[in-house]
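Down below is the structure, laid out as structure tokens.
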Amino acid sequence: MANIPDGYEETRRLVARAQAGDARARDSLAARTYAAMLTTARAFLRGRFRPLRDRFDTHDLAQSAYVDAFRALPSFVPAERGSFRRWLAGILRNKLRHRAAYLTAKRRDARREAPLAGAAAGADSPSRRALRGEERARLAQALERLPARYADVIRWRFYDELAWADVGARLGASEAAAQMLCRRALRKLRRAYEKTA
């Protein structure tokens, strides 16, 4: 072990403790790698995932990746120096890939469903239908501009009508944390909505 850097050994110890359920070890792993995670997130959003950069806050993206990583931590085996950071970067990349695929599919669905939206409001006057359709389009556009975590919490709470406990469970957070995140998300949504006018 003399040729292996101390940082590697410390990471191995922290991973083992975190896998055994030590919350402080998880926090230490996050603290040791957080700056690198932010740098990786920014690099991804400047590179191949550039079309998503307006929809993600790098801090929210990194935190969401940590939630996924710590869920999957029992399967991780530190093989060499830097392997934990590379594993985290892979989780971050997969999160962005899934989000990009989701948004692409959603845009296709929206194009297919657009003709039906007007028919559903048949009892209203044409001007009211047009106004409501414009407002829905602006709201959808504003929601698309939000970071993924903000958009998700709004959809889960207001579209899927999930209880706060369920929203928190999906976020890997407490009910109170879910409510706080939702308040921040709604403020961002309001600002994004105003910009679509």
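Structure above, values below:
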item: From phi via Karplus (6.51, -1.76, 1.60), per-residue ³J(HN,Hα) for the stretch 40-49 in Hz, x at Gly/Pro; result: 5, 4, 4, 5, 4, 6, 8, x, 5, 9
item: Chain lengthening between Arg12 and His59 when straightened (0.36 nm per residue, less Cα-Cα); result: 14.4 nm
item: Sites Glu80 and Tyr102 - FRET efficiency at Förster radius 35 Å, r taken between beta-carbons, to 0.05; result: 0.60
item: At R0 = 30 Å, FRET efficiency that the Cβ-Cβ distance of Arg187 and Arg46 yields, to 0.05; result: 0.70
item: Extended-chain gain in nm, criterion 0.36 nm per residue less alpha-carbon gap, Met180 and Ala23; result: 54.3 nm
item: Phi to ³J(HN,Hα) by Karplus 6.51 cos²θ - 1.76 cosθ + 1.60 over the stretch 175-192, Hz, x for Gly, Pro; result: 4, 4, 5, 5, 5, 5, 4, 5, 4, 5, 4, 5, 4, 5, 4, 4, 5, 5
item: R0 of 41 Å, Cβ-Cβ distance Arg138-Ala35: FRET efficiency to nearest 0.05; result: 0.65
item: The stretch 10-82: relative contact order in percent, alpha carbon pairs under 8 Å with at least 6 residues between; result: 32
item: Part-to-part distance (alpha-carbon centres) for the stretch 66-102 and the stretch 140-197, which is given in Å; result: 24
item: Value of relative contact order over the stretch 150-192, rounded to a whole percent, pairs C-alpha under 8 Å and six or more apart; result: 41
item: Test item: Cα-centred dipole of the stretch 1-109, Lys/Arg +1 and Asp/Glu -1 on Cβ, debye; result: 620
item: Proxy reagent accessibility, fewest Cβ within 10 Å first, across Val67, Val15; result: Val67, Val15
item: Residue (of Val67, Ala16, Gly47) at the positive-pole extreme of the stretch 1-109, dipole from beta-carbon charges; result: Gly47
item: Cα-Cα pairs of the stretch 1-109 separated by more than 16 Å (percent); result: 60
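Quick note: the coordinates plus some simple rules give every number you see, no bench work behind them. None of these values were measured; they are calculated from a predicted model. Positions of Cβ are backbone-derived with ideal geometry, glycine not excepted, and every protein chain shown enters the neighbour counts.
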